[in-house]
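Accompanying notes for the structure given below.
The values are calculated or read from the model by the stated rules, or taken from the named source; none is laboratory data. Not measured: the values here are computed from a predicted model. Every residue, glycine as well, gets a Cβ built from its backbone with ideal geometry; the counts of neighbours run over all protein chains shown. What goes into the accessible areas is simple: the full protein's heavy atoms, side chains included, and nothing from ligands, DNA or RNA. Shrake-Rupley method; radii C 1.70, N 1.55, O 1.52, S 1.80 Å.
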Amino acid sequence: MRTIKQFMLLVMTISMVSLTSCKSDDDGGSPGAAGAGTIEASIDGTAFTSLDITSIATLANGNLIIQGNDADGRAIVITIFGYNGTGTYNFDGNSVVFNIATYTEADINNPMNSQSWAAPFDTTVAGSVSVSTETDDNVQGTFEFTGQNANDNSQKVISNGSFNLTKQVL
């Protein structure tokens with residue numbers, strides 16, 4: 001009888017630890033992890049979260065394009081040329097084939113006044129994107145980069161970026 005009581009106590013303890021350490025699906029997972037269907041980042045310290053309806057990852061001709069925008073006309077687009085699965089890809093202007101990250105602020109009242117900050121903007125490494133998980137219909141990872149505006153050479157720091165997107169293959 002004592003063995004059964006000890007076993008039940010063990011089962012109850014494990015159950016309680018398991019239940020109290022679980023996270024809700026609504027909290028977006030671990031810190032820095034984007035919620036399902038979104039791209040999240042900090043743009044010069046200001047939060048950015050893309051809309052689920054405007055966010056997707058597309059694999060086409062060996063290139064992965066990650067894109068999403070928010071309701072305010074801000075957008076992030078990352079293109080990995082020669083994508084070959086999970087791993088880290090630099091935004092490096094010194095490579096023969098380089099990857100591109102762009103942050104855009106669209107001005108819907110005056111589209112000619114829209115501004116973009118792109119990486120890379122010279123031969124140095126301006127950031128990276130890491131694809132940590134890929135399935136047939138989903139891709140997840142993190143990114144960070146410094147983009148430069150070609151109009152005025154201003155820079156924006158995009159940090160703590162993450163994505164959790166539906167993947168389509170063309």
Report task. Within region 101-112, track down each residue that is buried (at least 18 other Cβ atoms within 10 Å of the Cβ) and of a type in the set (A, V, I, L, M). Result -> ALA101
**Report entry** Number of the exception - GLY87 against (1) surrounded by fewer than 18 Cβ atoms within 10 Å (Cβ to Cβ); (2) touching an Asp or Glu at 6+ places or on another chain (Cβ under 8 Å); (3) of a type outside the set (Ser, Thr, Tyr)
**Finding:** (2)
Query - Hits in region 45-62 - residues which are more than 14 Å from ILE158 (Cβ to Cβ) and surrounded by 14 or more Cβ atoms within 10 Å (Cβ to Cβ) - result: ASP52, THR54, SER55, ILE56, ALA57, THR58, LEU59
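Table: residues versus (1) on the phi < 0 side of the Ramachandran plot; (2) more than 15 Å from the chain's Cα centre (by Cα); (3) open to solvent by 40 Å² or more (accessible area, probe 1.4 Å); (4) among the aliphatic types (A, V, I, L, M).
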{"position": "VAL139", "(1), (2), (3), (4)": "yes, no, no, yes"}
{"position": "PHE143", "(1), (2), (3), (4)": "yes, no, no, no"}
{"position": "ASP152", "(1), (2), (3), (4)": "yes, yes, yes, no"}
{"position": "ASN164", "(1), (2), (3), (4)": "yes, no, no, no"}
Query raised in the report: Restricting attention to region 114-132, and to residues there that are open to solvent by 60 Å² or more (accessible area, probe 1.4 Å) and either part of a strand (DSSP E or B) or closer than 9 Å to ALA101 by Cα (or both), which single residue is modelled with the lowest pLDDT?
Result: VAL125
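Yes/no matrix, rows are residues, columns are (1) outside any strand (DSSP E or B); (2) in contact with a strand residue (DSSP E or B) (Cβ under 9 Å, 6 or more places away or on another chain); (3) among the β-branched types (Val, Ile, Thr); (4) at pLDDT 95 or above:
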site	(1), (2), (3), (4)
ALA36	yes, yes, no, no
ILE39	no, yes, yes, yes
ALA47	no, yes, no, yes
ILE53	yes, no, yes, yes
THR58	no, yes, yes, yes
ILE65	no, yes, yes, yes
GLY68	no, yes, no, yes
ILE76	no, yes, yes, yes
GLY82	yes, yes, no, no
Query raised in the report: For region 90-98, does any single residue satisfy the condition of being small (Gly, Ala, Ser), at pLDDT 95 or above and either surrounded by 15 or more Cβ atoms within 10 Å (Cβ to Cβ) or part of a strand (DSSP E or B) (or both)?
Result: no
Requested in this report: Please verify whether region 142-152 includes one or more residues that are among the aromatic types (Phe, Trp, Tyr) and either closer than 19 Å to ASP70 by Cβ or at pLDDT 95 or above (or both).
Outcome: yes
